[in-house]
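Peer 1: The structure's right below; bear with me while I get my questions together.
The values are calculated or read from the model by the stated rules, or taken from the named source; none is laboratory data. Everything quoted here is computed from the prediction, not taken from an experiment. We place every Cβ from the backbone using ideal geometry, glycine too, and count neighbours over all the protein chains shown.
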Amino acid sequence: MKLVLIGAPGSGKGTQGERLARRSGAHHIATGDLLRAEVQARSALGNQVAGYLESGTLVPDQLLLDLTMPLIEAARDTGYILDGFPRSVGQAVRLDELSGTGSAVESVLYIDVPRAELVARLMRRAAEQDRVDDNEDVIVNRLRVFDSETIPLIDYYRRRSLLQVIDGGLGVAEVGALLAAAIGQ
Ligand code: AP5
């Protein structure tokens with residue numbers, strides 16, 4: 001399985017990526033988690049990207065590619081679920097180029113959630129957890145970045161006939177069942 005999960009902030013990419021990975025044995029590669037781990041470890045990369053995460057702006061492509069391509073290569077045999085990458089057409093093009101054959105992506109699921117529900121979920125998480133980008137101003141920016149950078153990616157994969165749209169506004173188990181069915185799991 002070489003799967004990409006696309007979705008706005010709060011759409012459930014992380015929640016469903018983990019579930020699908022457990023179910024399928026594919027490797028869950030979540031760029032937000034990887035970047036947050038670098039920030040927490042105060043690594044050189046972490047120091048470079050901290051400001052981007054805090055403001056909800058995209059980290060420069062080359063940093064992302066350096067971080068993710070080795071993991072994608074390593075998971076070629078087991079399969080992978082890419083959660084949060086690519087998130088722009090530019091990143092998708094580079095992913096295809098770097099993987100050589102153009103077959104780095106077999107299937108793309110867009111988890112579509114109404115905007116009000118996204119904001120409600122993120123504000124709920126803000127009250128429960130301490131994520132630096134879960135506050136009102138940054139949530140607005142993350143959604144703006146999604147609209148400008150990631151919405152065009154949905155069309156990019158639709159034109160390649162790789163895209164399926166999933167109703168992500170349901171409960172976790174229901175969305176999970178829809179995603180699994182979409183990829184025949
Ligand atoms: P990232 O960590 O990917 O953040 P995000 O896209 O904003 O998404 P979230 O993690 O907030 O939401 P999610 O869709 O994973 O939903 P989740 O399952 O957590 O990226 C963070 C930052 O890193 C970016 O802003 C950027 O700076 C940088 N970055 C990452 N990738 C990059 C890239 N490729 N290029 C450049 N920069 C990059 O669920 C959210 C909440 O809702 C949880 O509390 C969950 O319990 C709840 N929930 C989930 N599903 C449901 C449901 N069905 N019903 C009710 N509640 C639900």
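Peer 1: Among Gly79, Gly84, Gly90, which is within 10 Å of the ligand (Cβ to nearest atom), surrounded by fewer than 20 Cβ atoms within 10 Å (Cβ to Cβ) and either closer than 22 Å to Gly184 by Cβ or of a type outside the set (A, V, I, L, M) (or both)?
Peer 2: Being within 10 Å of the ligand (Cβ to nearest atom), surrounded by fewer than 20 Cβ atoms within 10 Å (Cβ to Cβ) and either closer than 22 Å to Gly184 by Cβ or of a type outside the set (A, V, I, L, M) (or both) holds for just one of Gly79, Gly84, Gly90, which is Gly90.
Peer 1: Would you confirm, using the coordinates I've provided, whether Glu174 is within 25 Å of Gly51 (Cβ to Cβ), within 12 Å of the ligand (Cβ to nearest atom) and acidic (Asp, Glu)?
Peer 2: Numbers: within 25 Å of Gly51 (Cβ to Cβ): no; within 12 Å of the ligand (Cβ to nearest atom): yes; acidic (Asp, Glu): yes.
Judged against the criteria, Glu174 is not a match.
Peer 1: Would you pick out the residues in the range 1-12 that are more than 6 Å from the ligand (Cβ to nearest atom) and either over 9 Å from the mean Cα position of the chain (by Cα) or β-branched (Val, Ile, Thr) (or both)?
Peer 2: Residues satisfying the conditions are Met1, Lys2, Leu3, Val4, Ile6.
Peer 1: Scanning the range 99-113 for residues that are in contact with an Asp or Glu (Cβ under 9 Å, 6 or more places away or on another chain) and surrounded by fewer than 14 Cβ atoms within 10 Å (Cβ to Cβ), which turns out nearest to Leu170 (Cα to Cα)?
Peer 2: That would be Ser103.
Peer 1: Looking at Val4, Val49, can you tell me which residue is buried (at least 18 other Cβ atoms within 10 Å of the Cβ) and without any contact (Cβ under 8 Å) to a residue 24 or more places away in the chain?
Peer 2: Details: Val4 fails: without any contact (Cβ under 8 Å) to a residue 24 or more places away in the chain.
Criteria check complete, one pass: Val49.
Peer 1: Filter the range 13-31 down to the residues that are within 10 Å of the ligand (Cβ to nearest atom) and buried (at least 18 other Cβ atoms within 10 Å of the Cβ), then identify the one that is nearest to Gln62 (Cα to Cα).
Peer 2: Per the stated criteria, the residue is Thr31.
Peer 1: Going through the range 93-113 one residue at a time, which ones are within 13 Å of the ligand (Cβ to nearest atom), at pLDDT 95 or above, of a type outside the set (Phe, Trp, Tyr) and within 20 Å of His27 (Cα to Cα)?
Peer 2: Across the range 93-113, the qualifying residues are Leu109, Ile111.
Peer 1: Here's another thing I want to ask about it. Suppose we keep only residues that are in a helix (DSSP H, G or I) and in contact with an Asp or Glu (Cβ under 7 Å, 6 or more places away or on another chain) within the range 114-138. Which one would you say is farthest from the ligand (Cβ to nearest atom)? Full working, then the answer.
Peer 2: Just the residues of the range 114-138 that are in a helix (DSSP H, G or I), to begin with: 115-128, 136-138.
From what's left, in contact with an Asp or Glu (Cβ under 7 Å, 6 or more places away or on another chain): 122, 125-126.
On the way: Leu122: 6, Arg125: 4, Ala126: 9 Å.
Within the range 114-138, the match that is farthest from the ligand (Cβ to nearest atom) is Ala126.
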